[in-house]
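Asks: This is the structure, below, for whatever I ask next.
A short reminder: the numbers here are calculations on the coordinates, not readings from a lab. As the structure is a prediction and not an experimental result, all values here were calculated from the model. Every residue, glycine among them, receives a Cβ derived from its backbone with ideal geometry; neighbour counts consider all protein chains shown.
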Amino acid sequence: MPHTRLRLGVRSEGGTVQVARLMLTLACGDYDRTRALYDGRVVPDGIDLTYLALEPEEIFWRMLRHREFDASEMSMAMFMMGHASNTMPFVAVPVFPSRAFRHSAIYINAASGIHRPEQLVGRRVGVVEYAITAAVWVRGILQDEYGVRPEQVCWVTGGQEQPGREDKVPLSLSGVQIERAPQGRYLSEMLLCGDIDVLVAARVPSCYTGPNGKVQRLFAKSRQVEQDYFARTGIFPIMHTVVLRKDIYDAHPWAAQSLVKAFVAAKNLCYNSVRNTATLRYLLPWTMLDVEEMHELMGDDPWPYGWEPNRKTMELLARYLHEQGLTAVRVAPEQVFASNTMGAFRL
């Protein structure tokens with residue numbers, strides 16, 4: 001159960017008053033947009049936050065298998081799958097610390113003869129887990145944009161850089177061919193050897209050495225393709241959300257709103273930092289040109305939190321999950337978030 005601790009803070013005429021604050025542990029990636037939460041520049045209202053900066057794969061495994069944290073970053077697809085089956089002991093808040101376009105996440109063996117997405121039909125496509133959010137988006141985009149249906153591909157699952165990876169969420173799907181990578185094999189090595197033709201990878205695989213190597217991206221000009229996709233659809237795919245344990249939310253519903261406000265404040269500090277043109281804060285020489293290009297295409301807040309700005313994207317993800325057999329019913333995305341975080345007060 002969640003617990004509180006006394007923190008010295010508010011002074012009165014008679015001395016120092018002890019103020020009880022909710023003590024929460026948050027597991028989340030180390031991102032520029034969350035850095036102010038990690039280093040303490042932003043403090044959530046009423047919460048003493050312990051921020052554990054971990055990789056998403058570790059966070060999801062520990063949270064889904066063992067419920068180790070009070071709050072955490074969470075796979076959007078896996079959370080919606082759990083919500084649809086009433087097996088998810090968490091409530092989500094409309095904060096999305098990870099988003100990514102995924103055309104650039106499709107890698108091919110150059111010797112496979114694949115030059116266009118339509119040529120993926122009948123091929124062997126590796127993916128670490130069938131249900132990861134990146135793969136859900138890739139399959140949906142391949143079907144909507146290029147007419148390639150999931151059942152027209154043989155999906156091979158396993159570790160990307162190490163053999164023996166297990167699914168975080170067991171699946172039982174019909175009509176789709178899913179194989180496990182052979183014992184002792186991993187997907188990056190299998191792609192390089194030609195034992196799979198394609199790899200869908202959220203992380204750049206170790207076998208990729210550049211556009212002219214043995215492993216290449218399916219979309220050679222992926223940046224242009226992804227910008228065109230956004231210009232036509234307005235979709236910036238959501239990968240992860242933030243969840244809070246239901247028992248904590250039931251006991252302290254205000255904590256959900258405190259987290260949303262804190263994540264928004266941290267993101268705003270990130271925007272201020274990246275727009276500072278006095279000196280380059282990052283190693284990328286054309287950071288400011290990239291920022292200007294991003295805002296020209298995507299508007300003032302390319303990374304929106306909250307429900308309404310993300311309605312269209314969430315509804316599309318819900319459709320993909322249902323069409324791909326990962327949810328028995330089409331989830332109403334607005335029902336997966338804490339009810340008191342669906343709007344914000346106005347002055």
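Asks: Please compute the length gained on full extension between Gln143 and Lys246, using 0.36 nm multiplied by the number of residues separating them and subtracting their Cα-Cα distance.
Replies: Going from the current span to full extension adds 33.5 nm.
Asks: Sticking with this one: Beyond 19 Å, what share of the Cα-Cα pairs of the range 232-302 is found? Please give it as a whole percent.
Replies: 55
Asks: Only helical DSSP H runs with n ≥ 4 go in: add -39500 (n - 2.57) per run for the chain, normalise by residue count and round the 222 nm mean residue ellipticity to 500 deg cm²/dmol.
Replies: Computed mean residue ellipticity for the chain: -9500 deg cm²/dmol.
Asks: Order by neighbour count: Asp228, Asp195, fewest other Cβ atoms within 10 Å first, most last.
Replies: Starting with the residue having the fewest Cβ neighbours, the order is Asp228, Asp195.
Asks: Using mean Cβ contacts within 10 Å as the protection proxy, how do 287-294, 249-256 order, highest first?
Replies: For the peptides 287-294, 249-256, the packing ranking is 249-256, 287-294.
Asks: Under the rule of at least 5 residues apart or a separate chain, name every residue whose amide H is placed under 5 Å from the amide H of Ile196.
Replies: Leu191
Asks: For Tyr51, list long-range residues whose amide hydrogen, built 1.01 Å from N in the peptide plane, is under 5 Å from its own amide hydrogen.
Replies: Leu26
Asks: Computed on alpha carbon atoms, what radius of gyration and Dmax characterise the range 103-233, expressed in Å?
Replies: When restricted to Cα atoms, the range 103-233 yields Rg and Dmax of 13.9, 43 Å.
Asks: If each residue's Cβ is checked for other Cβ atoms within 10 Å, how do Thr277, Thr327, Thr341 rank with the fewest at the top?
Replies: In increasing order of surrounding Cβ atoms, one gets Thr277, Thr327, Thr341.
Asks: Pull out a ≥ b ≥ c, the square roots of the eigenvalues of the alpha-carbon gyration tensor of the range 200-347, then state rounded if a/c is under 1.5, prolate if not and a/b is larger than b/c, and oblate in the remaining case.
Replies: Taking the square roots of the gyration eigenvalues as a ≥ b ≥ c, the range 200-347 is oblate.
Asks: Which of the DSSP-defined H helices in the chain satisfy a minimum axial length of 27 Å, computed from C-alpha atoms, and a minimum mean Kyte-Doolittle hydropathy of -0.5?
Replies: Helices meeting the criterion: 254-274.
Asks: Taking Lys246 as the anchor, which lysines have their alpha carbon closer than 27 Å to its alpha carbon, excluding any fewer than eight residues away along the same chain?
Replies: Lys168, Lys261, Lys267, Lys312
Asks: Right, something else. Which FRET efficiency value, to the nearest 0.05, is calculated for Asn276 and Val43 with the Förster distance at 25 angstrom and r the Cβ-Cβ distance?
Replies: 0.65
Asks: Also, I was wondering about something else. P(r) for the chain: what percent of alpha-carbon pairs falls in each 20 Å bin, starting at zero?
Replies: 28, 56, 15, 1
Asks: Using the Kirkwood radius built from alpha carbon pairs, what does the Stokes-Einstein equation give as D for the range 260-347 at 37 °C and 0.692 mPa s, in µm² per second?
Replies: 207
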